[in-house]
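Throughout, read-outs are computed from the coordinates displayed, never taken from laboratory work. Predicted model only: the values in this text are computed from it and were never measured. Using ideal geometry, Cβ is built from the backbone for each residue, glycine included, and neighbour counts are taken over all protein chains shown.
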Amino acid sequence: MLELLLKSIIQAIDILLTVYIWIIIARVIISWINLSPYHPVVNFIYKITEPILSPLRKLIPPIAGIDFTPVVVILGIYFLKNLLQYLMVKLLFFKILFR
């Protein structure tokens with residue numbers, strides 16, 4: 001029962017991280033087409049992504065005018081997703097091994 005709950009939590013986190021990746025991609029596209037920052041959807045996307053992107057911009061300055069922080073965040077999220085999947089596989093393997 002506990003394993004099922006833990007597996008469900010890991011899967012929910014995985015889905016949320018995937019949605020966040022798509023929100024970051026939407027922000028990048030919005031920056032290319034220059035939509036109004038006062039639009040509610042654009043404002044929502046900026047509010048959700050800025051807490052993660054802003055501190056990284058202090059560490060990674062734009063190179064030739066290109067902001068690479070969304071790429072770094074997406075790579076970090078993929079690393080975290082792989083780590084969660086690895087932990088889930090280890091948990092299931094441990095359960096099968098020590099039944």
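Taking the stated definitions as given, is S36 surrounded by 10 or more Cβ atoms within 10 Å (Cβ to Cβ), without any contact (Cβ under 8 Å) to a residue 40 or more places away in the chain and of a type outside the set (D, E, K, R)?
Values: surrounded by 10 or more Cβ atoms within 10 Å (Cβ to Cβ): no; without any contact (Cβ under 8 Å) to a residue 40 or more places away in the chain: yes; of a type outside the set (D, E, K, R): yes.
Judged against the criteria, S36 is not a match.
Filter region 46-65 down to residues that are more than 15 Å from I77 (Cα to Cα) and out of contact with any helix residue (DSSP H, G or I) (no Cβ under 8 Å at 6 or more places or on another chain), then give me how many there are.
11
Output the residues belonging to region 1-33 that are small (G, A, S) and surrounded by 12 or more Cβ atoms within 10 Å (Cβ to Cβ).
If the condition is that a residue be small (G, A, S) and surrounded by 12 or more Cβ atoms within 10 Å (Cβ to Cβ), then A26, S31 are the ones that fit.
Pull up region 79-93, narrow it to residues that are surrounded by 13 or more Cβ atoms within 10 Å (Cβ to Cβ) and not hydrophobic (A, V, I, L, M, F, W, C), then point me to the one that is nearest to E3 (Cα to Cα).
Only one residue fits best here, namely Q85.
Would you check if I52 is without any contact (Cβ under 8 Å) to a residue 40 or more places away in the chain, surrounded by 13 or more Cβ atoms within 10 Å (Cβ to Cβ), aliphatic (A, V, I, L, M) and under 30 Å from K7 (Cα atoms)?
Numbers: without any contact (Cβ under 8 Å) to a residue 40 or more places away in the chain: yes; surrounded by 13 or more Cβ atoms within 10 Å (Cβ to Cβ): yes; aliphatic (A, V, I, L, M): yes; under 30 Å from K7 (Cα atoms): yes.
Yes.
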